Amino acid sequence: MTMTKKLLTSAVASALMVSGAQAAISDNTVKIGYLADMSGTYRDLAGPNGLKALQMAIKDFGGTVNGAKIEVLSADDRNNPDASSSTVRRWVENDKVDMVAGLVASSVTIAVSKILEENDRLGIVSGSAASSITNEHCTPNHIHYVYDTYPLANGTASAVVKEGGKSWYLMTADYAFGHALEADVTRVVEANGGEIVGSVRHPFPTQDFSSFVLQAQASGADVVGLANAGSDTTNAITTASEFGVTQAGQTLAALLLFLTDVHALGVDTAQGIQLTTGWYWDMNDATREWSDRFMKETGVRPTMVHAGIYSSTLHYLNAVAAAGSDDAQTVRKQMMDTPINDMFATNGRIREDGRMVHDMYLAEVKTPAESKNEWDLYKILRTIPADEAYRPLSESKCKLVTN
Amino acid sequence: MTMIFGVPLAVLSGQLLIGFINGAFYALLSLGLAIIFGLLKIINFAHGAMYMLGALLTVVMFNTLGVNYWVALFMAPLLVGVFGVLIEYFLLRRIAGQDHIYSLLLTFGVALIIQGVLTNIYGVSGLRYAMPDMFKGGIKLDFMFLPYYRAWVIVVALLVCFGTWFMIEKTKLGAYLRAGTEDSQLMQGFGINVPLLVSLTYGFGVALAAFAGVLAAPIYSVTPGMGANTLIVVFAVVVIGGMGSIGGAIITGIMMGVIEGLTKTFYPPASSAVIFLVMVVVLMFRPSGLFGKEA
């Protein structure tokens, strides 16, 4: 009797386990939490329009997945890792959120990914820059989709050095992201035979760059490299233009510049600046078609982050449908097994460290004569192949990578 | 080349000049704050928002109506000043005579509302405002390239600062103002309309902030959040100068600009903290500020 009972229990238990792994979609609902800067410095590059991109993806997917509802929650990360951590904790514990999308400030992403790992949910990072997110901070629970500091440095810095910009002066935002970018740029510049002749770490954020611009001019460097982002970069470029940096023969290299930044600066001020981007709206018919729809929804052209949110959400929902489950590991594996071919990427693939590798682009801001309208801002100079752009796995410090 | 602590003299002279220019900005902003506190005893946390409104109006009026820089230099402060009068009349007046904390919270709330609404409309990337043609370019000095616009900022900021100080400290109107806030009942008895005087003073104080905003529009990225960071620094300037001391605000503003500029040269990471460090030291030794009257 006891024997039969034991057998029966274990049979039931294993049946449960099997159904748990294969499992239908939990609560018959796929819940997505959108966490991004909705009101601060990074609002325009992700923000409320990123949420619209996410909703576009859900609508295009059909609104349900294998008959299960798709629900979206959203919150402002306030660029604050602590506040964001408690939001995400609430999402996974009370609201049963399956996937967190958006994820902008690198500090927020690193904090949130720990909670996702503890609770075994999935995070898809579209906004963050730090390459450490899939290096020393990698987890089996998140994917880094759009770009990171490694290709930014690789693309822009190596192009500028090859054009003869051998000596560099760096203006670095004095926090984690700036330091990471500074390190990546220094490595690339030196590897290409250039040198860093001076640098300054400025407080984040800084409004008045005149003092730093003066120091950069006095350094006599060929290139003034901006290892900062958002309003810091636009303020630095405006001030450099006012003080005649480029007229005096120095080149400006902005290492992280979003479409919204260039739009804010205008082509008069920003013309000729080279930058690296993961995507541009005006590359081919597929990008243009999607961007037109996005513009109808939002009134602006999408940044690479907006496009990445759309693409990654569709990729996620396709994986949920194919696997018939919203279990984090099952879906992640399905996403890794499927190459990404859409308006965002060609043959994009997700590596075991969570890095989505795809081609990146070296672009140059058009001159006023070349630019036909307010969003006609970049010309693509070069495609940087995926394998050349991103940190090779052989250099990875990620715990998921076995070398 | 002559070096001072490892910094070439030429670079140092440039930094001093830059510091002086930024100081003139601080002076203009802290002046309005000092007037509002000194005469009305209101801690105006909406000052940064008014500075931002000045800059934003300059851009928006240009984009929609084609209003040029020179007209904006008068129009933006005027409009913001009228807005200030309305805030004083409808809101601040109701809490007159209460503890300072009430005016602080009220104006802080007003600032957050203004900033939030404008962020929803204009985003955060910044609006572009082209440098007026006559200010394009600059002079090549021995030690630095001085853009014409920065030279103009020093001249006009100092003129406005001096003019304001003169009006309040040396003219009859200024005397009425000071007397009206000292003993409003007595002044009412003399037939002076004190409530009107108070409204106008608040309006004038915030108009000064808007004026600084117009000056800032061509050189800084104009965003709804641009006033929030500046506000804290400017408050520190006023505290160092002595709350309510008008001359003190001007001199301290310039001094802090220079100190900040030098910090940016010798140890940049401390440049956002140095003004607060000075504030701590000053408060330890002179609690009423450098130019404040001992309480």
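Report yes if some residue within segment A:328-337 is touching a strand residue (DSSP E or B) at 6+ places or on another chain (Cβ under 6 Å) and in a strand (DSSP E or B); otherwise report no.
No, segment A:328-337 has no match at all.
Would you check if B:Gly241 is buried (at least 24 other Cβ atoms within 10 Å of the Cβ), within 21 Å of the chain's Cα centre (by Cα) and within 14 Å of chain A (Cβ to nearest Cβ)? Lay out the reasoning, then the answer.
On the way: buried (at least 24 other Cβ atoms within 10 Å of the Cβ): yes; within 21 Å of the chain's Cα centre (by Cα): yes; within 14 Å of chain A (Cβ to nearest Cβ): no.
No, not satisfied.
List every residue pair whose Cβ atoms lie under 7 Å apart, where the two residues are 6 or more positions apart in sequence or sit on different chains, the first residue falls within segment B:141-153 and is of a type outside the set (S, T, N, Q), and the second residue, located anywhere, is assigned to a loop (DSSP other than H, G, I, E, B).
Matching pairs, first to second residue: B:Phe145/A:Phe243; B:Phe145/A:Gly244; B:Pro147/A:Phe243; B:Tyr148/B:Gly137; B:Tyr149/B:Met131; B:Tyr149/B:Pro218; B:Tyr149/B:Ile219.
For segment B:113-167, enumerate the residues that are exposed (fewer than 14 other Cβ atoms within 10 Å of the Cβ), out of contact with any Gly (no Cβ under 9 Å at 6 or more places or on another chain) and part of a helix (DSSP H, G or I).
Listed by number, the residues that qualify are B:Ile113, B:Gly116, B:Val117, B:Asn120, B:Ile121, B:Asp133, B:Met134, B:Val155, B:Leu159, B:Phe162, B:Gly163.
So that you can scan it fast, the table gives a plain yes or no per residue for (1) among the polar types (S, T, N, Q); (2) under 25 Å from A:Ser325 (Cα atoms); (3) in contact with a strand residue (DSSP E or B) (Cβ under 7 Å, 6 or more places away or on another chain):
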residue	(1), (2), (3)
A:Asn94	yes, yes, no
A:Ile115	no, yes, no
A:Glu118	no, yes, no
A:His144	no, yes, yes
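Quick one: is B:Val117 free of Cβ contacts under 8 Å to residues at least 60 places away in the same chain, out of contact with any strand residue (DSSP E or B) (no Cβ under 6 Å at 6 or more places or on another chain) and within 12 Å of chain A (Cβ to nearest Cβ)?
Considered against the rule, which asks whether it is free of Cβ contacts under 8 Å to residues at least 60 places away in the same chain, out of contact with any strand residue (DSSP E or B) (no Cβ under 6 Å at 6 or more places or on another chain) and within 12 Å of chain A (Cβ to nearest Cβ), B:Val117 comes out as yes.
If I filter segment A:188-205 down to residues being surrounded by 19 or more Cβ atoms within 10 Å (Cβ to Cβ) and closer than 19 Å to A:Lys166 by Cβ, which single residue comes out as nearest to the other protein chains (Cβ to nearest Cβ)?
In this case the residue turns out to be A:Ser199.
Which of the strands (runs of 3 or more DSSP E) found entirely inside segment A:94-193 contain at least 3 residues meeting this: closer than 21 Å to A:Ala216 by Cβ?
Filter on segment A:94-193 gives A:167-173.
Would you call A:Gly230 under 23 Å from the mean Cα position of the chain (by Cα), surrounded by 24 or more Cβ atoms within 10 Å (Cβ to Cβ), within 11 Å of chain B (Cβ to nearest Cβ) and not polar (S, T, N, Q)? Don't jump to the end; show me each part of the working.
Details: under 23 Å from the mean Cα position of the chain (by Cα): yes; surrounded by 24 or more Cβ atoms within 10 Å (Cβ to Cβ): yes; within 11 Å of chain B (Cβ to nearest Cβ): yes; not polar (S, T, N, Q): yes.
For A:Gly230, the condition - under 23 Å from the mean Cα position of the chain (by Cα), surrounded by 24 or more Cβ atoms within 10 Å (Cβ to Cβ), within 11 Å of chain B (Cβ to nearest Cβ) and not polar (S, T, N, Q) - is met.
Can you work out which of the residues in segment B:77-101 that are in a helix (DSSP H, G or I) and charged (D, E, K, R) is surrounded by the fewest Cβ atoms within 10 Å (Cβ to Cβ)?
Selected residue: B:Arg94.
Can you tell me which residues in segment A:264-291 are within 14 Å of chain B (Cβ to nearest Cβ) and in contact with a Ser or Thr (Cβ under 7 Å, 6 or more places away or on another chain)?
A:Ala264, A:Leu265, A:Val267, A:Thr269, A:Gln271
Residues in segment B:259-292 that are within 11 Å of another protein chain (Cβ to nearest Cβ), surrounded by fewer than 20 Cβ atoms within 10 Å (Cβ to Cβ), within 20 Å of the chain's Cα centre (by Cα) and in a helix (DSSP H, G or I): how many?
1
Confirm whether B:Ser184 is more than 14 Å from chain A (Cβ to nearest Cβ), of a type in the set (Ser, Thr, Tyr) and surrounded by fewer than 18 Cβ atoms within 10 Å (Cβ to Cβ).
Against the criterion (more than 14 Å from chain A (Cβ to nearest Cβ), of a type in the set (Ser, Thr, Tyr) and surrounded by fewer than 18 Cβ atoms within 10 Å (Cβ to Cβ)), B:Ser184 qualifies.
Each reported figure results from applying straightforward, stated rules to the coordinates on display, with no laboratory input. Small disclaimer: the values here were computed from a predicted structure and weren't measured. Here Cβ is always computed from backbone atoms with ideal geometry, including for glycine, and neighbour counts include all displayed protein chains.
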